[in-house]
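> Before anything else, here's the structure in question.
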Amino acid sequence: MRKVVIPIGPQHPALKEPESFSVTLSGERIMAFSARLGYNHRGIEKACEERTYLQDVYLIERICGICSHTHSTCFVQAVEEIAGLQVPKRALYIRSIIGELERIHSHLLWLGVAGHEVGFDTLLMYTWRDREVVMDILAELTGNRVNYGINLIGGVKRDLEKQHITDILKSVDILEERTKYYIQVCKEESTLIQRLSGVGVLSHNDALSLGAVGPTARASDVARDTRADDPYAAYDELDFKIVTDDHNDVYGRTLVRLGELMESYRLIRTAIKNLPEGLISVKAPRKIPVGEAFSRYEAPRGEDVHYVKSNGTDKPERVKVRAPTLANVQTVAKMLEDGQLADLPIVIAAIDPCFSCTDRLISVNSSKSETLGSMKWEDLRLYGIEWHRSKGMDFSAINKKLAERL
Amino acid sequence: MLISIFNLLVFPGIIFLGVAGMSAEFIDRKLYARMQNRTGPPWFQPWADFIKLVSKEDVVPTEANPRMFRAMPIFALTSTITASFYIPLWSTHALYSFNGDLIVTIYLLTIPTLTYFLGGWYSTSLYSKIGAIRSLTQLFAYEVPLLMCILAPALLANTWSLSEMAKFYSHHHWYWMFNLLGFAISLIALLGKLEKVPFDIPEAETEIVGGTFTEYSGRLLAMFKLSINIETIVGASLVSAVYLPFGLQLTPALGILLYVGKLLFIISILSLSRTIFARFRMDQMVEFCWKIVSPLAFLQMLICLILKGVLAI
Amino acid sequence: MSDLKRGACDMIRPGKMLVQVLQSLFKKSATSQYPFKKSEMPAHYRGKINFHPELCIGCKMCERDCPSNAIKIVKVGDKKFEAQFDLAKCIYCAQCVDSCIKKALESTKEFELAVLDKNKLKVTFCADVKKDTDK
């Protein structure tokens, strides 16, 4: 059959966020797959350099809606390390509890999305109805359903009261029962199992060599989890077990995420039982001393890495974010080898892509071509104007009009 | 003459089928929503969708063949409406009948699937072409069991006419109980024909955007949607006429109520299957239809043949 | 985890959700009938910000700490300050509430802030308490 190149994205019902994939098909078989990232680039790392550390906490939080607490905590941990602050234990416990609640939210959302991608809309509606329980409890604790804004440099902003603790435990009980039902559905529903099994296979060695992180790697029996390898917040005091599976396919990733949900319920209960008394924050200086730090956090999607470099003023010198999806998106091409078109949405959805997190600045060094080096802001602007002029587009008239208006 | 025109245009013709199709869509969507613990749309939603689509502009892609592109929805609509004229709805005689109208009905019901294929093919867009090819592949999978299932009770009744079959089963009151296996198989095949989950591969929204209907908009899409709704009613009527042919000799008022009840029963089974199953993949669907559904349909035919000999009809 | 492995009594069959799905037919629907029934936000919800001009001393810490430059404190008289908010720029993080030393700002539960005229999104809390209007 003749080969056809079909574009998936940037706008496509299978993708929740814009990215461009081009798939070469022969009938229903996928011959080649290539990804082109960058549709969600917003210049956040540059924007961080022009705002104070306190304002940056809120900006970094808005990199993503689902992993917002992840990014915020990771950034704040890096800054606290440079400033040498000792965060009180109660604040660390509260951060862990909110982090686990966010993980529950993210995994329930993923379960619904996976159901939708295979045409099982009932699972979507049921899991998203249960997600409302988590969002309501988070709204009660932090004041908003997403983008919690609970981190400060030096601790957390709000405390957990008695009523909150009762509500958290009640919600966790309800969710645990619902999750047990979903585990039964995923183990027994044959139409679902035959769509998820044998699809998106990633062997153990491939997962290691391509650098997969998070549930994508853990489903190929790679026992890596930042909460166990490099404990942060309160995880070194909470008894934490890594959840792995050896199915190597999308079904394994489903089981790993369901197992992590059960593990999260256990962690929340333990954390609340052992919640220490004390302050919830220490005073942080406005000007952070010179230094650099590197911090890691286990986002629901994998390992999230932040690097912060400070130069003694109240604005950071450089902030670099590497989201887990950037590491996982390279495994998709391997997974789709000899795959079918019908499997493409669920394979992409199985790495739990969050392209808002992913699109940052990358510099690629190729040994074949000469490197461009780095450009100053003004040079980049002039380069852009010249490039558009060479294509026949001249914006100087509009720019003059705008300058007059302002 | 006037009565014929009334029958063709209003009842049980075009207008009745249109209203019934819209109501079928509403019932299906409402049941689907309630089973998912949601509220669902109000009763006038299908009408609102239809009016909105009709009032929009039809956009024909530049590379498409405009005459074929515009003709396909019309063919789909007319063939489904024509198929309904030969099915006995609530009495033992349909609007028109002759020996062999069983085969004609099934052929008329195949034409919509062909129009989905041709409409997608002549749209010349990538997603439409893939959807069109899938639609045709699915046709080869479910058409054989469907035909065998419809033929099995006809074998028992020893006739090729739907109305004669209805008369036969009304005389022998409990013979329709022998065909219950075929009833189950025909419901599965009906799901395939109507392209509902788990068989909605040709219009898999998350894989190929809209499948055949990606490039259709405005009045053409409204006609396609209306033809799908009417096909639901006609398919359900065919299954109920062949497999649930009891109570066909009651007075017209009671007969209509019974007919509506049978339709509701079949439509609710279709909605239920839409809710509890995930979508099949192409190869899984073909394997399922040829390895499980077709042999069972064949078994039903065997049962009817053996019974014909045993009961010495 | 042991309960993720398939056990002896887990039959693989289609239609596992049948029982729950049929039960849902008779349960109340989970959809909340907004906007006919208003939804109630929890106690410390971070909605629109409210300003008490009598407590403000004009230190402008809130203006310094706002991540999106949404608040401006303007002096309109001796020890009288008014606050100008741009509701479109505000990200409702409540950092200004925490930064204010005199607790002159507070979060309210109001979240239905959509309007058709963009000018209505710039609200001013006047310094004179008697005529406290926001347009």
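The values are calculated or read from the model by the stated rules, or taken from the named source; none is laboratory data. Every value quoted in this text rests on a predicted model; they were computed, and no experiment measured them. Note: ideal-geometry Cβ built from the backbone for every residue, glycine included; neighbour counts use all protein chains shown.
> Would it be correct to say that residue B:33 is assigned to a helix (DSSP H, G or I), out of contact with any strand residue (DSSP E or B) (no Cβ under 9 Å at 6 or more places or on another chain) and of a type in the set (Gly, Ala, Ser)?
yes
> Now for a separate question. Can you report the number of residues in segment A:313-329 which are assigned to a loop (DSSP other than H, G, I, E, B) and either modelled with pLDDT of 90 or more or within 16 Å of residue A:153 (Cα to Cα) (or both)?
Qualifying residue count for the region: 3.
> Residue under question is residue C:60, and the condition is that it be among the charged types (D, E, K, R), surrounded by 14 or more Cβ atoms within 10 Å (Cβ to Cβ) and farther than 24 Å from residue A:147 by Cβ; does it hold?
In short, yes.
> May I pose another question? If the requirement is being farther than 30 Å from residue C:12 by Cα and more than 23 Å from the chain's Cα centre (by Cα), which of these qualifies: A:170, A:180?
Exactly one residue qualifies, and that residue is A:170.
> While we're on this one: Scan (1) touching a Ser or Thr at 6+ places or on another chain (Cβ under 7 Å); (2) free of Cβ contacts under 8 Å to residues at least 40 places away in the same chain for the single condition residue A:251 breaks and write down its number.
Evaluating residue A:251 over (1) touching a Ser or Thr at 6+ places or on another chain (Cβ under 7 Å); (2) free of Cβ contacts under 8 Å to residues at least 40 places away in the same chain leaves (2) as the failure.
> Residue under question is residue A:17, and the condition is that it be among the acidic types (Asp, Glu) and either away from every other protein chain (no Cβ under 14 Å) or in contact with a Gly (Cβ under 8 Å, 6 or more places away or on another chain) (or both); does it hold?
For residue A:17, the condition - among the acidic types (Asp, Glu) and either away from every other protein chain (no Cβ under 14 Å) or in contact with a Gly (Cβ under 8 Å, 6 or more places away or on another chain) (or both) - is met.
> Considering only segment A:232-247, I want to know if a residue exists there that is free of Cβ contacts under 8 Å to residues at least 12 places away in the same chain, outside any helix (DSSP H, G or I) and more than 14 Å from chain B (Cβ to nearest Cβ).
Yes, segment A:232-247 contains at least one residue that is free of Cβ contacts under 8 Å to residues at least 12 places away in the same chain, outside any helix (DSSP H, G or I) and more than 14 Å from chain B (Cβ to nearest Cβ).
> For segment C:1-92, give me every one of the strands (runs of 3 or more DSSP E) that falls completely inside it and has 2 or more residues that are more than 26 Å from the chain's Cα centre (by Cα).
Of the strands (runs of 3 or more DSSP E) lying wholly inside segment C:1-92, those with at least 2 residues that are more than 26 Å from the chain's Cα centre (by Cα) span C:71-77.
> Looking at segment C:47-67, is at least one residue in contact with a strand residue (DSSP E or B) (Cβ under 7 Å, 6 or more places away or on another chain), touching a residue at least 60 places away in the same chain (Cβ under 8 Å) and within 11 Å of chain A (Cβ to nearest Cβ)?
Yes.
> Filter segment A:247-274 down to residues that are under 27 Å from the mean Cα position of the chain (by Cα) and either within 21 Å of residue A:92 (Cα to Cα) or among the polar types (S, T, N, Q) (or both), then give me how many there are.
The total comes to 14.
> Would you call residue B:286 among the β-branched types (Val, Ile, Thr), within 14 Å of chain A (Cβ to nearest Cβ) and touching a residue at least 12 places away in the same chain (Cβ under 8 Å)?
It is true that residue B:286 is among the β-branched types (Val, Ile, Thr), within 14 Å of chain A (Cβ to nearest Cβ) and touching a residue at least 12 places away in the same chain (Cβ under 8 Å).
> Identify all residues within segment A:112-138 that are within 13 Å of chain B (Cβ to nearest Cβ) and among the aliphatic types (A, V, I, L, M); write none if there are none.
A:113, A:114, A:118, A:123, A:124, A:125
> Going by what's in this entry, would residue A:149 be described as in contact with a strand residue (DSSP E or B) (Cβ under 6 Å, 6 or more places away or on another chain), in contact (Cβ under 8 Å) with a residue 40 or more places away in the chain and either within 11 Å of chain C (Cβ to nearest Cβ) or not basic (Lys, Arg) (or both)?
No: the conditions fail for residue A:149.
> Residue C:123 - would you say it is farther than 22 Å from residue A:143 by Cα, out of contact with any Lys or Arg (no Cβ under 7 Å at 6 or more places or on another chain), aliphatic (A, V, I, L, M) and more than 14 Å from chain A (Cβ to nearest Cβ)?
When the stated conditions are applied, residue C:123 does not pass them.
> Give me the pairs: first residue in segment B:267-278 and closer than 11 Å to residue A:123 by Cβ and facing chain A (nearest Cβ under 7 Å), second residue assigned to a loop (DSSP other than H, G, I, E, B) and polar (S, T, N, Q), beta-carbon distance under 8 Å, and six or more apart or on different chains, which are they?
Pairs that qualify, where the first residue is closer than 11 Å to residue A:123 by Cβ and facing chain A (nearest Cβ under 7 Å) and the partner is assigned to a loop (DSSP other than H, G, I, E, B) and polar (S, T, N, Q), are B:275/B:36.
> Can you tell me which residues in segment A:281-307 are closer than 19 Å to residue A:238 by Cα and among the aliphatic types (A, V, I, L, M)?
If the condition is that a residue be closer than 19 Å to residue A:238 by Cα and among the aliphatic types (A, V, I, L, M), then A:299 is the only one that fits.
> With a cut-off of at least 2 residues that are out of contact with any helix residue (DSSP H, G or I) (no Cβ under 8 Å at 6 or more places or on another chain) and either of a type in the set (Lys, Arg) or touching a residue at least 40 places away in the same chain (Cβ under 8 Å) (or both), name the helices (runs of 4 or more DSSP H) lying wholly within segment A:159-220.
Where helices (runs of 4 or more DSSP H) fall fully within segment A:159-220 and carry at least 2 residues being out of contact with any helix residue (DSSP H, G or I) (no Cβ under 8 Å at 6 or more places or on another chain) and either of a type in the set (Lys, Arg) or touching a residue at least 40 places away in the same chain (Cβ under 8 Å) (or both), they are A:162-188.
> State which residue is farthest from the chain's Cα centre (by Cα) when the search covers only segment A:117-133 and only residues that are closer than 21 Å to residue A:16 by Cα and of a type in the set (A, V, I, L, M, F, W, C).
Only one residue fits best here, namely A:120.
> I would also like to ask the following. Say whether the condition of being within 14 Å of chain A (Cβ to nearest Cβ), assigned to a helix (DSSP H, G or I) and of a type in the set (A, V, I, L, M, F, W, C) is met by at least one residue in segment B:250-258.
Taking every residue of segment B:250-258 in turn, none turns out to be within 14 Å of chain A (Cβ to nearest Cβ), assigned to a helix (DSSP H, G or I) and of a type in the set (A, V, I, L, M, F, W, C).
> Applying the selection to segment A:314-349, what residues are within 13 Å of chain B (Cβ to nearest Cβ) and among the small types (Gly, Ala, Ser)?
A:339, A:342, A:349
> Based on what the data block shows, is residue C:112 charged (D, E, K, R) and free of Cβ contacts under 8 Å to residues at least 40 places away in the same chain?
Against the criterion (charged (D, E, K, R) and free of Cβ contacts under 8 Å to residues at least 40 places away in the same chain), residue C:112 qualifies.
> If the requirement is being loosely packed, with under 11 Cβ neighbours inside 10 Å and modelled with pLDDT of 85 or more, which of these qualifies: A:386, A:303?
Every option except A:386 fails the conditions.
> Additional query: Name the residue, out of A:30, A:60, that is surrounded by 15 or more Cβ atoms within 10 Å (Cβ to Cβ) and under 13 Å from residue A:319 (Cβ atoms).
Of A:30, A:60, the one residue that is surrounded by 15 or more Cβ atoms within 10 Å (Cβ to Cβ) and under 13 Å from residue A:319 (Cβ atoms) is A:60.
> So, one more: Out of (1) farther than 24 Å from residue A:346 by Cα; (2) within 14 Å of chain A (Cβ to nearest Cβ); (3) touching a residue at least 12 places away in the same chain (Cβ under 8 Å); (4) of a type in the set (Lys, Arg), what's the single condition that is false for residue B:281?
It is condition (1) that residue B:281 fails.
> Which fully enclosed helices (runs of 4 or more DSSP H) of segment B:126-220 have 1 or more residues being surrounded by 19 or more Cβ atoms within 10 Å (Cβ to Cβ) and away from every other protein chain (no Cβ under 14 Å)?
B:126-157, B:162-171, B:180-194
> Among the residues in segment B:241-249, are any of a type in the set (Ser, Thr, Tyr), modelled with pLDDT under 90, surrounded by 22 or more Cβ atoms within 10 Å (Cβ to Cβ) and over 25 Å from residue B:85 (Cβ atoms)?
Within segment B:241-249, none of the residues are of a type in the set (Ser, Thr, Tyr), modelled with pLDDT under 90, surrounded by 22 or more Cβ atoms within 10 Å (Cβ to Cβ) and over 25 Å from residue B:85 (Cβ atoms).
> Taking segment A:28-53 as the search range and keeping residues that are touching a strand residue (DSSP E or B) at 6+ places or on another chain (Cβ under 8 Å) and in a helix (DSSP H, G or I), which one is farthest from the other protein chains (Cβ to nearest Cβ)?
A:45
> Kindly provide the set of residues from segment B:50-74 that are under 30 Å from residue A:125 (Cα atoms) and surrounded by fewer than 16 Cβ atoms within 10 Å (Cβ to Cβ), ordered by number.
If the condition is that a residue be under 30 Å from residue A:125 (Cα atoms) and surrounded by fewer than 16 Cβ atoms within 10 Å (Cβ to Cβ), then B:51, B:52 are the ones that fit.
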